[in-house]
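The values are calculated or read from the model by the stated rules, or taken from the named source; none is laboratory data. In this text the structure is predicted, and so the values were computed from the model without any measurement. Cβ sites come from the backbone with ideal geometry, for glycine too, and all protein chains shown count toward neighbours.
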Amino acid sequence: MSVTKKVLVVALLALFATTAAATLPSAAGSAPTAAQRVAATGCTSSKGSIMYGIAGAGVSQLDPNTINFAGQAPLQTLLYNGLTRYDRNMDVVPDLATSWSSSADLKTWWFNLRKDVKYSSGRQFTADDVRANILRVLDPKVPSQQRANAKDIRSVRALNPYRLRIKLGSPSALLPNALVDIKMSDTSDVANLAKSGTGTGPYKVSDFVPNQSLTLVPNPFHFGGKACLQKIQFVREPDPTAMVTDFRAGNLDMIWQVRPTDVAALQSGGTYFLQPKGVSGAHVWELDTTSPPFDDVRARQALSYAIDRVTMNKAAFSGLATPSLGNSLISATSSAYNKKLKPYTFNLAKAKQLFDAAGVKPGTTFTFWALAGRRDEWITMAQILQQDLEKIGLNLSIQRSDVSTWLSKFFPAGKKYPNTIIGNYFSMPPNPTFAMKQGQFGSCECNWKNNTFELWAAKAPGVKDLTERQKVYDTMQQIFSAYAPVMVIAHQTNIVAVQKRVSNAWEDAQGNVHLEEAKVSG
Amino acid sequence: MFKYVLRHVVSSVGLLFLSSILIFLLMRVIPGDPTITKLGGTIKEVDVETLASIRRQLGLDKSIPEQYVSWIAGIAHGDFGSSYFSQFPVTTLIEQRVGATLELAIMAMLIGILIAVPASVAGAIWPNRFLDWALSGFAAVGIAIPTFVIGIVLIIVLGVELNLLPTQGHVSFLKDPVTSVRTALLPSITLGIGVAATIMRILRASLMEIASASFVRTAKGKGLLRRQVVVRHELPNASIPAITAAGIIVAHLVGGAVIVEYVFARPGLGSLLVDSVFQRDYGVLQALVLLAAAAFIVTSLLVDVLLGFVDPRLRTETSS
């Protein structure tokens, strides 16, 4: 066999092995491939540094399981690991767990853990740490967004230092997915976790000025190869304009949440943008479905018809988003999208007819409630709606406020906000089951309760067969679209601009940036 | 003199105490709730127990008077509390950032004085000429233009277009003095222009008023040069109103630092204050506003004491 043929055969075998590993059903458990064993970085030495800019808000604390700001999502994989993680194809693969298996009824799961893992403090990581982290997430006193997807966990038991058993209250084929976001922080020092950021990831904290800057350096105890960079610095920029200016001046290597309107200006000099595979996040308008006029489904449908999603996409997102004409929580680009959904095509006459039927009188003024200093695209969208509503005799008052005032109007679920439309962004997990939880009662600030939707939502995780599960998704989307408790305007991810010297950074479907393998040249 | 100082110290402490009550109450009146902000809108299915638990952790479950007493008692013991969000003690947060603000304030003050004093003197030596008008125009514009506009113009021209100076960040002076001064230069100029304009306006008016005083006429009569009359006789006497205005200048520096640090992404006390307002981080916010009030009150106290020394008439008036 010639050298060329040998190389070809090896390459094909490697390709086959990679594909096979990626397509293994998660519930069947998976032995890690060699590639997965050095999962984290793939680097043998640490070189160079990256300056990463975040506009408007900064990193306020480092506890991964009480994270409340999407801008600091890169830290979740730089400082920490979960039992499982998403790869670039958004498949769930082993992280600190080497393999897993479940009982036939999908109610009991076993996880085997890596034995070579240490925290950045030098302490050994064991199954007790997994138990402590999961129980902490499940503790109602701890404000953890990860609890929503893991709340069905009934018990966690360390069978030995490297093997774990988890029991669920009802069947779920998606436990490995739910565990991606539960990060294994050092719970032996919870009091200082928000400041120390002690985890098992490739980097550790060197310097932290809350809301301003955070410097990470390689974690010498990391199990998966050396950190690729000597330093990663997160800096907070005052606003999107300043952030873009600093990026153009070369002071920043990457910038997060670039305004779509800035994309054209940045498309020069080798700048490129991260392209996630699929998009799960969506710009939405929330309504209180228990207060007038949006307690009437006709008023909600009327509003949906009055929203010119196509024009909004052009004006607010420079055509970079995917309009949600079917008003679905699932993106129209996703394979899980129900293509049979009846579109809410922009139609002011129909909107007026439905508003009239719902008793919304001409001259009524709605309030659009948005954030100040951030998310300018929401204002563009609101201005388009404002002009369109005027044509049918209705008014829209656009109000912006700081984040605390903005939140206090509608959060948490259960608050009344009549006549108000809330601009918001749902940073939804890529798995449709978890994404659709955003519509559930108690989760959605829309206060919508539909028993059929709730039943299907409860059933979805336990459906193992993918075809059957798709039918569940189709039904749930059908119900959500018809009742329109939330106006889904467009699916769009966070735009991340990158200088050409940076390579290997990537963005997942949720809009989270991954820098654990990022490198720099020059 | 002792009684004069004591009276001012007692009134300053009283003023600080009143400020603390006002700050504390104002924080509770503005809309927003740190408990909600802590959850960030991303944490779903928040139940009553979670909210109650967070409120308990933050000490917000107590009545407002109880919260105030607990806060004041903490301060009396040197404990200013911790951030609701980062969990860092407020003193650590201040310690992390005070260097950047002090450096900015000192440099802005120096720039302000270096511009204002020679410019005012030049205006007094050559009054009603083009230079005098130009300097008066500069003072008017310097006061009228908002600080953030000056900052943005400097960023675009000197930072981005000419690429002469860094537009953001901070490096400790002790670590790297050259980079530290370079990063502080643009924000200091931005803030210094306002300081210069304020000093110029006061000093210029004072110099004009003193120009017709009898001792100035005497000095002129002795045959001194106009330059010598202004520098040796007019300037020391005209400085008293400028010293009196130190409180106003400190207030300008504090207010200006909030905006300038925000525009230049400088990790100082100003940006910490802005964040604590947006997050409703009461502990941090109260401590910072109290610190600013204390800075203002202490400066006013020092000015009063200083004026008491400079002008004996003030001591006599107070005693009588």
Among the residues in the stretch A:383-393, are any in contact (Cβ under 8 Å) with a residue 24 or more places away in the chain and within 11 Å of another protein chain (Cβ to nearest Cβ)? no
Counting only residues that are without any contact (Cβ under 8 Å) to a residue 40 or more places away in the chain and closer than 29 Å to B:Leu154 by Cβ, which one in the stretch B:240-261 is nearest to the other protein chains (Cβ to nearest Cβ)? B:Val258
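Select, from A:Lys459, A:Lys416, A:Lys471, the only residue that is in contact (Cβ under 8 Å) with a residue 24 or more places away in the chain and among the charged types (D, E, K, R).
Selected residue: A:Lys416, the only one of A:Lys459, A:Lys416, A:Lys471 that is in contact (Cβ under 8 Å) with a residue 24 or more places away in the chain and among the charged types (D, E, K, R).
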Going through A:Asp308, A:Asp295, A:Asp253 one at a time, which residue ends up being under 17 Å from A:Val513 (Cβ atoms) and modelled with pLDDT of 95 or more? A:Asp253
Exactly one of these conditions fails for A:Asn68: (1) within 29 Å of A:Arg236 (Cα to Cα); (2) within 14 Å of chain B (Cβ to nearest Cβ); (3) outside any loop (DSSP other than H, G, I, E, B); (4) not aliphatic (A, V, I, L, M). Give me its number. (3)
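I'd like the residue in the stretch A:445-491 that is among the charged types (D, E, K, R), in contact with a helix residue (DSSP H, G or I) (Cβ under 7 Å, 6 or more places away or on another chain) and more than 14 Å from every other protein chain (Cβ to nearest Cβ) and, out of all such residues, is surrounded by the most Cβ atoms within 10 Å (Cβ to Cβ). So that I can check it myself, show each step before the final result.
Step one: filter the stretch A:445-491 for residues among the charged types (D, E, K, R), giving A:445, A:449, A:454, A:459, A:464-465, A:468-469, A:471, A:474.
Imposing the further condition that a residue be in contact with a helix residue (DSSP H, G or I) (Cβ under 7 Å, 6 or more places away or on another chain) reduces the set to A:445, A:459, A:464, A:469.
This time we only want the ones that are more than 14 Å from every other protein chain (Cβ to nearest Cβ), so: A:459, A:464, A:469.
On the way: A:Lys459: 17, A:Lys464: 16, A:Arg469: 20.
Of everything passing the filter in the stretch A:445-491, A:Arg469 is surrounded by the most Cβ atoms within 10 Å (Cβ to Cβ).
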Reported set for the stretch B:196-245 where residues are more than 22 Å from B:Gly142 (Cα to Cα), part of a helix (DSSP H, G or I) and small (Gly, Ala, Ser) is B:Ser214, B:Ala219, B:Gly221
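In the stretch A:134-170, which residues are away from chain B (no Cβ under 14 Å), in a helix (DSSP H, G or I) and either surrounded by fewer than 16 Cβ atoms within 10 Å (Cβ to Cβ) or touching a helix residue (DSSP H, G or I) at 6+ places or on another chain (Cβ under 6 Å) (or both)?
Keep residues of the stretch A:134-170 that are away from chain B (no Cβ under 14 Å), which gives A:134-135, A:153-170.
Then keep just the ones that are in a helix (DSSP H, G or I); that gives A:134-135.
Within the stretch A:134-170, A:Leu135 is the sole residue that qualifies.
Residues to consider are B:Ile106, B:Ile111, B:Ile72; find the one that is among the hydrophobic types (A, V, I, L, M, F, W, C), more than 29 Å from B:Phe24 (Cα to Cα) and surrounded by fewer than 18 Cβ atoms within 10 Å (Cβ to Cβ). If you could, list the steps in order and put the result at the bottom.
Numbers: B:Ile111 fails: surrounded by fewer than 18 Cβ atoms within 10 Å (Cβ to Cβ); B:Ile72 fails: more than 29 Å from B:Phe24 (Cα to Cα).
Unique residue meeting the criteria: B:Ile106.
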As an exercise: evaluate B:Ile193 against (1) in contact with a Ser or Thr (Cβ under 6 Å, 6 or more places away or on another chain); (2) closer than 28 Å to A:Ala55 by Cα; (3) hydrophobic (A, V, I, L, M, F, W, C); (4) modelled with pLDDT of 90 or more and give the number of the one condition it does not meet. (1)
Quick one: which of A:Phe208, A:Phe221, A:Phe247 is closer than 20 Å to A:Ser185 by Cα and within 14 Å of chain B (Cβ to nearest Cβ)? A:Phe208
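Table: residues versus (1) among the hydrophobic types (A, V, I, L, M, F, W, C); (2) assigned to a helix (DSSP H, G or I); (3) facing chain B (nearest Cβ under 9 Å).
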position	(1), (2), (3)
A:Pro412	no, no, yes
A:Gly423	no, no, no
A:Pro429	no, no, no
A:Phe434	yes, yes, no
A:Ser443	no, no, yes
When you check B:Gly137 against the structure, is it small (Gly, Ala, Ser) and crowded, with 17+ Cβ neighbours inside 10 Å, yes or no? no
Of the residues that sit in the stretch B:58-113 and are in a helix (DSSP H, G or I) and of a type in the set (Asp, Glu), which one is nearest to the chain's Cα centre (by Cα)? B:Glu103
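Would you check if A:Tyr272 is more than 24 Å from A:Leu371 (Cα to Cα), in contact (Cβ under 8 Å) with a residue 12 or more places away in the chain and touching a helix residue (DSSP H, G or I) at 6+ places or on another chain (Cβ under 9 Å)? Explain how you work it out, then say what you get.
On the way: more than 24 Å from A:Leu371 (Cα to Cα): yes; in contact (Cβ under 8 Å) with a residue 12 or more places away in the chain: yes; touching a helix residue (DSSP H, G or I) at 6+ places or on another chain (Cβ under 9 Å): no.
Here the answer is no, as A:Tyr272 does not meet what is asked.
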Right, B:Ile193: over 30 Å from A:Ala242 (Cα atoms) and not in a loop (DSSP other than H, G, I, E, B) or not? no
Which residues, counting only those in the stretch B:55-112, are without any contact (Cβ under 8 Å) to a residue 12 or more places away in the chain and basic (Lys, Arg)? B:Arg56, B:Lys62
Condition first: of a type outside the set (A, V, I, L, M) and farther than 15 Å from A:Leu106 by Cα. Now tell me which residues in the stretch A:152-183 satisfy that. A:Arg157, A:Asn160, A:Pro161, A:Tyr162, A:Arg163, A:Asp181, A:Lys183
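Identify, from the list A:Asp239, A:Asp308, the residue that is surrounded by fewer than 24 Cβ atoms within 10 Å (Cβ to Cβ), closer than 24 Å to B:Val160 by Cα and not β-branched (Val, Ile, Thr). Give the steps one after another, and end with the answer.
Values: A:Asp308 fails: closer than 24 Å to B:Val160 by Cα.
Every option except A:Asp239 fails the conditions.
Where residues in the stretch B:148-178 are more than 13 Å from chain A (Cβ to nearest Cβ) and part of a helix (DSSP H, G or I), which of them is surrounded by the most Cβ atoms within 10 Å (Cβ to Cβ)? Spell out the reasoning first.
So the first thing to find is which residues in the stretch B:148-178 are more than 13 Å from chain A (Cβ to nearest Cβ), and the list is B:149-150, B:173-174, B:176-178.
The next check asks that each one be part of a helix (DSSP H, G or I); those that pass are B:149-150, B:177-178.
Values: B:Val149: 12, B:Ile150: 23, B:Pro177: 11, B:Val178: 9.
Across the stretch B:148-178, the extreme among qualifying residues is B:Ile150.
Condition check ((1) part of a helix (DSSP H, G or I); (2) over 30 Å from B:Gly308 (Cα atoms)) across all residues:
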residue: B:Arg7; (1), (2): yes, no
residue: B:Leu16; (1), (2): yes, no
residue: B:Arg28; (1), (2): yes, yes
residue: B:Gly32; (1), (2): no, yes
residue: B:Val46; (1), (2): no, yes
residue: B:Ala52; (1), (2): yes, yes
Reported set for the stretch A:171-181 where residues are of a type outside the set (A, V, I, L, M) and part of a helix (DSSP H, G or I) is A:Pro176, A:Asn177, A:Asp181
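With respect to B:Gly137, is the statement that it is among the small types (Gly, Ala, Ser), within 26 Å of B:Ser239 (Cβ to Cβ), assigned to a helix (DSSP H, G or I) and without any contact (Cβ under 8 Å) to a residue 24 or more places away in the chain true? If you could, list the steps in order and put the result at the bottom.
Numbers: among the small types (Gly, Ala, Ser): yes; within 26 Å of B:Ser239 (Cβ to Cβ): yes; assigned to a helix (DSSP H, G or I): yes; without any contact (Cβ under 8 Å) to a residue 24 or more places away in the chain: yes.
Here the answer is yes, as B:Gly137 does meet what is asked.
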Of all residues being farther than 30 Å from A:Lys118 by Cα and among the β-branched types (Val, Ile, Thr) in the stretch A:224-244, which is nearest to the other protein chains (Cβ to nearest Cβ)? Just the residue, please. A:Thr241
Could we say that A:Asn112 is out of contact with any His (no Cβ under 9 Å at 6 or more places or on another chain) and under 30 Å from B:Ser83 (Cβ atoms) here? no
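I'm trying to understand the selection: among the residues of the stretch B:14-43, which are farther than 24 Å from A:Ala194 by Cβ and without any contact (Cβ under 8 Å) to a residue 12 or more places away in the chain? Let's see the steps before the verdict.
Filtering the stretch B:14-43 down to residues farther than 24 Å from A:Ala194 by Cβ leaves B:14-26, B:28-31.
B:Gly14, B:Phe17, B:Leu18, B:Leu22, B:Leu26, B:Val29, B:Pro31 - these are the residues of the stretch B:14-43 that are farther than 24 Å from A:Ala194 by Cβ and without any contact (Cβ under 8 Å) to a residue 12 or more places away in the chain.
Looking only at residues that are in contact (Cβ under 8 Å) with a residue 60 or more places away in the chain and out of contact with any helix residue (DSSP H, G or I) (no Cβ under 9 Å at 6 or more places or on another chain) in the stretch A:52-71, which one is surrounded by the most Cβ atoms within 10 Å (Cβ to Cβ)?
Checked the stretch A:52-71; the qualifying residue surrounded by the most Cβ atoms within 10 Å (Cβ to Cβ) is A:Gly71.
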